Amino acid sequence: MGLLRYTLWRLVQSIPVLIGIITITFFLANQIPGDPVEIMLGPSPAQEQVEAIQARYGLDRPAHERYLTYLSGVASGDLGQSIYYDRPVLEMILLRLPVTLYLTVSAFMFAIATAIPLGVISAKRRNKPADHVSRIVSLVGVSTPSFWIGLMLIIVFAFYLGWFPARGLPLPWEAPADIRGAETQLQVIRTSLHHLAMPMVALGTLQMAQITRIERSSMVESLQGEYVKLARAYGVPESTIVRKHAFQVAQLPVITIIGLGLSTALGGAVLTETVFEIQGMGRLIITAINNQDYELIMGTTFMFGVAFVVGVIITDVAYAYIDPRVAYGDE
Amino acid sequence: MATGSESQTDDLSTRDEESGAGEIEARVGLRYTLKQVKRDTTARIGIYTVGFVTLVALLAAIDYYLFDYAVAEAVWYSPVRDPDQVNRLLPPVGMENQFGAGAIEHPMGTDHRGRDVFVRLFYGTRIAITVGFMATGIGLIGGTLIGSVSGYYGGWIDDLLQRVTETVYAIPFLVLVIAFMTAFGRDLTFAMIGVGITSIPVFNRLIRSRVVSIREEDYIEAARAAGVKDRNIIFRHVIPNSFAPVLVQATLQIGVSILIVAGLSFLGFGAQPPTPSWGQMLSASRNYMLPAPTFSLFPGIAILITVIGFNILGDGLQDALDPRINN
Amino acid sequence: MSEPLLSVDNLKTQFFTEDGTVRAVDGISFDVYEGEIVGLVGESGAGKSVATSSILRLVDSPGEIVGGEITFKGETIFGLEEGDDGEPRPRDDMLSEKEMRRRIRGREIAIIFQDPMESLNPVFTVGGQLREFIEINRDLSGEEAEEEAIDMLREVGIPAPESRYDEYPHQFSGGMRQRVLIAMALACQPDLIIADEPTTALDVTVEGQILEMVTELQEKYDTSFIWVTHDMSVVAEICDRVNVMYLGEIIEHAEVDDLFYETKHPYTQALLDSMPRPDKTVHELDPIKGVMPEAIDPPSGCRFHSRCPHAREVCREVHPEQRDLADEGEPTHSAACVMYDAFEVGYEESRPIETEATGGFSAGLTETGDGE
């Protein structure tokens, strides 16, 4: 019960943040130089055409009016119309968002799956060779640009070794007919995972390194906790202490870092999608910007914000699930 | 509880108390920091790396601002103008690709327009370092102002400022900077400002939490009772007290800023051609990954070394300045 | 009383730090018999906690037991012998780490820690933690262990134990958490419970309740206790025999009444004088002068001489071993102080010295003196 109420409370809390995101996005989009009408119709359009377009996109009205219209539009699920694609913004986003989420979520799964064992081993063998290796790996990981990792992976594993494809990312649930060389759904999934491997590593390395660092320091602290001493004094085997008693407490700061890392990862998705030519949200926003597609710029920026806010709420709820002190009030 | 550790911490705390206010001042000051850094091996490696990269950047900056690349051009190759010979995309010396064999005068090969990669990397250092320091500076100043005002006054000012920074933080920062640059300008200046703004929440949170805890201290109460102006209390007492953690965070943030700006340049936001910048070199190299893979290699290594330097220094500073956290 | 349950002989535990070797426990010996509560008293930093973790062989690195012998119910918890290379090595009969974990810790010797706030794991329910320890140490199934856990919570005075079983530590008050820790110790049905300053973090009313409860339960289960504390009033309330520790050594040992009424060692006297009592005003309290020196570099001779009001030249030179000073037929009452004739080192002839306690060449030489 406590957990459910907490989740709802966090959702309610996020409403002003979302309105804030819309405001910032609107303000920025409004500052963009250039005339969208000119972009659509060319240098010297007919007057009636201009007026028609202005009326259609509401460009003839003052900014605050358009802001309110946009705000109420978003509230009712209307993110406006993409000039470049000539389709509703929401439709474009729903087409691209799954790709970015697929990539980002996989990158985090890769990061967590490698970082947690690495961090725990590091903490358990503090200042021993395994610890030094893990610390160097994570130091290099936080210092390497993700897009460069992508380039290197492509050169080595796509061009030289030919193990993985260099571009594109089909979704595992796409119809076999849409994927070249795939006849069954299983083959689609295999193709999808095959394409996923490199971008996932490129995007996930930074997260992996960051989580390893936090996991290590958090585990080191937790292993020195009084409750660990108590468990040892009652004959609990060391392996159980590491896996259960110390581990669970140590995950609290790790969850926080994962939540904050979402911001980096979603931004990094723009770069990764560029490197691997993946048609996701990142490419969408770049296309929107390059074509001065205002409503698409606002829509994609807003959606990135929504993705981050939702991600943070999920991690907060996960935190509350592990730490009873959050959901059950006090302390 | 082990007596060993008990006596160690006791030792530290008594040293603190006995030495009095002067020593406490010294413990947070610059000279104390340098002394601690000298004793910590990791911090020393970090400071050498950062020092080296900064020196290179300084030399490049002198040549750029005072002589418009004349010095480099005189002794070597121009980083911006296309050379006369058209042997494009040479590999590093000792290697061969479809454009020919690497030449001794191009130790790291040439780029797609025949310009020397090594010289361009040299000039790229200037941009990376400038961007790192400027963006972090903007974030630091903005975050300190907002965080200290917010934490010191509390109430509705605090609520308002925190909600605003929270909202800024809620948009993934690369996306926010891209949107910001689209609105105001695509060049390097706006990249720095944009990255600086997105790092404000980091410093804001750090400073605010310290201010909130320091606000209640006796000596602040005393200063306030004695009629010292709020502004003076913040600048004389509260901010100096946060020196150590802010220094650590700022060092790490420089590395992060360099990474973000490199990413922006890679996407075409930031330094515009023909200005030599690492991110933009990597962007250009994308079209030549198959015929000239080393073209993509060196700018990345330059970024890696620079950022690692700041990260090692940041970690080292943390160890050196906070004796309780011993790795 | 025949064989002691636990016997600690000349135990030495040291910490190897960057600044040097800290001799946290430096040759202490004491016994615990069945059904008694033995006190281990001293200021913080005297080495009490290190001594108790040594008994369970749970000294954290860089600490290490370097000498002495610990025997429990005829089994060797710790014991060294000289190896072929002349270096000391663990004796063959010493219990292995695995045997310690499976047979001794929790099952035979349980411990109650000082800090009830930190000792319970914040992310697991109180009942779950209790049940886990019972399962491990009593070979009970999950269900039986749960039943036992609830019974035990009731036993230590936690109201509505069935519902509180599923609550988390942060929902318990400090006193209640300490009761939970006591329940853990008792529930494992050990023969010996080490209580490491269990009431220090609690307020006086709660402390009183807990002491009362422990006394009752101790009688009921006939468990032996080692009660570690710095508080003489707690000692008076529950201990049968007392060992007073100063800087890694036991400097006085006696039955509780003898210790209070026939105090031998000046340090014990100083501890008693600094204890708040209803018959004394605050002004009459006499705190111990100075701070305890570091165990890394203990003073020469008698370690207390730097703070002792009766210190003389000889105290700086001679390091006294504990000797039994009780009259014939009386229970043992040993102390380590050269002030007593039994030590025969010429205390009477020696010159008084300036110490933190005397603040100069004090005249009050024989205030307590040979007060027998």
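The values are calculated or read from the model by the stated rules, or taken from the named source; none is laboratory data. Bear in mind the structure is a predicted one, so any value in this text is a computation, not a measurement. Please note: Cβ atoms are built from the backbone with ideal geometry, for glycine as well, and neighbour counts cover all protein chains shown. Just the protein is used for accessible areas: all its heavy atoms, side chains included, with ligands, DNA and RNA removed. Shrake-Rupley method; radii C 1.70, N 1.55, O 1.52, S 1.80 Å.
Worth a mention:
- Any chance B:Gly147 is at pLDDT below 85, crowded, with 21+ Cβ neighbours inside 10 Å and more than 14 Å from chain A (Cβ to nearest Cβ): no
Residues checked against (1) among the polar types (S, T, N, Q); (2) farther than 21 Å from A:Asn290 by Cβ; (3) at pLDDT 90 or above:
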position: A:Pro62; (1), (2), (3): no, yes, no
position: A:Tyr67; (1), (2), (3): no, yes, no
position: A:Ser72; (1), (2), (3): yes, yes, no
position: A:Ser76; (1), (2), (3): yes, yes, no
position: A:Gln81; (1), (2), (3): yes, no, no
position: A:Ile93; (1), (2), (3): no, no, yes
position: A:Val105; (1), (2), (3): no, yes, yes
position: A:Ala115; (1), (2), (3): no, yes, yes
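- Checking each residue in the stretch A:281-303 for being open to solvent by 10 Å² or more (accessible area, probe 1.4 Å) and of a type in the set (Gly, Ala, Ser) picks out no residue at all.
- Annotation: of all residues in the stretch C:299-327 being touching a residue at least 40 places away in the same chain (Cβ under 8 Å) and closer than 18 Å to C:Asn243 by Cβ, the one that is surrounded by the fewest Cβ atoms within 10 Å (Cβ to Cβ) is C:Ala326.
- Flag: B:Gln253 does not match the condition of being within 26 Å of A:Thr264 (Cα to Cα) and either free of Cβ contacts under 8 Å to residues at least 40 places away in the same chain or open to solvent by 50 Å² or more (accessible area, probe 1.4 Å) (or both).
- Any hit, the stretch A:235-242, residues being in contact with a strand residue (DSSP E or B) (Cβ under 6 Å, 6 or more places away or on another chain) and either open to solvent by 10 Å² or more (accessible area, probe 1.4 Å) or not in a helix (DSSP H, G or I) (or both): yes
- Scope the stretch A:260-300; condition polar (S, T, N, Q), in contact with a Phe, Trp or Tyr (Cβ under 6 Å, 6 or more places away or on another chain) and more than 8 Å from every other protein chain (Cβ to nearest Cβ); matching residues: A:Asn291
- Restricting the stretch A:227-276 to residues that are charged (D, E, K, R) and in contact with a helix residue (DSSP H, G or I) (Cβ under 7 Å, 6 or more places away or on another chain), the residue that is modelled with the highest pLDDT: A:Glu273
- Total residues in the stretch B:183-226 satisfying the condition of being free of Cβ contacts under 8 Å to residues at least 40 places away in the same chain, at the interface with chain A (Cβ under 10 Å from one of its Cβ atoms) and open to solvent by 20 Å² or more (accessible area, probe 1.4 Å): the figure is 1.
- Of the residues making up the stretch B:170-180, those that are at the interface with chain A (Cβ under 7 Å from one of its Cβ atoms) and free of Cβ contacts under 8 Å to residues at least 60 places away in the same chain are B:Ala170, B:Ile171, B:Pro172, B:Val175, B:Ala179, B:Phe180.
- Within the stretch C:293-334, the set of residues being touching a helix residue (DSSP H, G or I) at 6+ places or on another chain (Cβ under 8 Å) and small (Gly, Ala, Ser) comprises C:Ala295, C:Ser300, C:Gly301, C:Ala311, C:Ala326.
- The single residue among C:Val59, C:Val38, C:Val8, C:Val25 that is under 28 Å from C:Thr199 (Cα atoms) and not in a strand (DSSP E or B) turns out to be C:Val59.
- When each of A:Leu203, A:Leu230, A:Leu161, A:Leu153 is tested for being buried (at least 23 other Cβ atoms within 10 Å of the Cβ), within 14 Å of another protein chain (Cβ to nearest Cβ) and under 28 Å from B:Phe298 (Cβ atoms), the lone residue that passes is A:Leu203.
- Among the criteria (1) in contact (Cβ under 8 Å) with a residue 12 or more places away in the chain; (2) more than 8 Å from chain A (Cβ to nearest Cβ), the one C:Asn121 does not fulfil is (2).
- Selection count, the stretch C:256-304, where residues are more than 19 Å from C:Ser334 (Cβ to Cβ) and not in a loop (DSSP other than H, G, I, E, B): 4
- Taking the listed residues C:Gly127, C:Gly106, the one that is touching a Phe, Trp or Tyr at 6+ places or on another chain (Cβ under 7 Å), facing chain A (nearest Cβ under 10 Å) and among the small types (Gly, Ala, Ser) is C:Gly106, with no other qualifying.
- Filter pass, C:Val180 being away from chain A (no Cβ under 13 Å) and buried (at least 17 other Cβ atoms within 10 Å of the Cβ): no
- Test: residue in the stretch C:223-241 that is in contact with a strand residue (DSSP E or B) (Cβ under 6 Å, 6 or more places away or on another chain) and basic (Lys, Arg): yes
- In the stretch C:50-71, residue surrounded by the most Cβ atoms within 10 Å (Cβ to Cβ) [restricted to those that are in contact with a helix residue (DSSP H, G or I) (Cβ under 7 Å, 6 or more places away or on another chain) and within 19 Å of C:Ile28 (Cα to Cα)]: C:Val50
- Of all residues in the stretch B:267-284 being part of a helix (DSSP H, G or I) and open to solvent by less than 10 Å² (accessible area, probe 1.4 Å), the one that is nearest to the other protein chains (Cβ to nearest Cβ): B:Leu282
- Residue pairs meeting the criteria (Cβ under 6 Å; at least 6 apart or on separate chains; first at the interface with another protein chain (Cβ under 10 Å from one of its Cβ atoms), in the stretch C:55-75; second charged (D, E, K, R)): C:Leu56/C:Arg105; C:Leu58/A:Arg232
- When C:Ala145, C:Ala185, C:Ala149 are checked against the criterion of being free of Cβ contacts under 8 Å to residues at least 24 places away in the same chain, open to solvent by less than 50 Å² (accessible area, probe 1.4 Å) and in a helix (DSSP H, G or I), C:Ala145 stands alone in meeting it.
- For the stretch B:285-317, a residue qualifies if it is assigned to a loop (DSSP other than H, G, I, E, B) and at the interface with another protein chain (Cβ under 7 Å from one of its Cβ atoms), and the qualifying residues are B:Met289, B:Leu290, B:Pro293.
- Residues of the stretch B:150-169 that are within 14 Å of another protein chain (Cβ to nearest Cβ) and more than 28 Å from B:Leu267 (Cβ to Cβ): B:Asp159, B:Leu160, B:Leu161, B:Gln162, B:Arg163.
- Taken over the stretch C:90-117, residues that are more than 22 Å from the chain's Cα centre (by Cα) and part of a loop (DSSP other than H, G, I, E, B) amount to 5.
Every residue, every condition in (1) within 26 Å of B:Gly263 (Cα to Cα); (2) assigned to a helix (DSSP H, G or I); (3) of a type in the set (Lys, Arg), yes or no:
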residue: A:Ala115; (1), (2), (3): yes, yes, no
residue: A:Arg126; (1), (2), (3): no, no, yes
residue: A:Gly150; (1), (2), (3): yes, yes, no
residue: A:Leu169; (1), (2), (3): yes, no, no
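- Criterion violated by A:Gln187 - all others in (1) open to solvent by less than 60 Å² (accessible area, probe 1.4 Å); (2) in contact with a Pro (Cβ under 7 Å, 6 or more places away or on another chain); (3) assigned to a helix (DSSP H, G or I) satisfied: (1)
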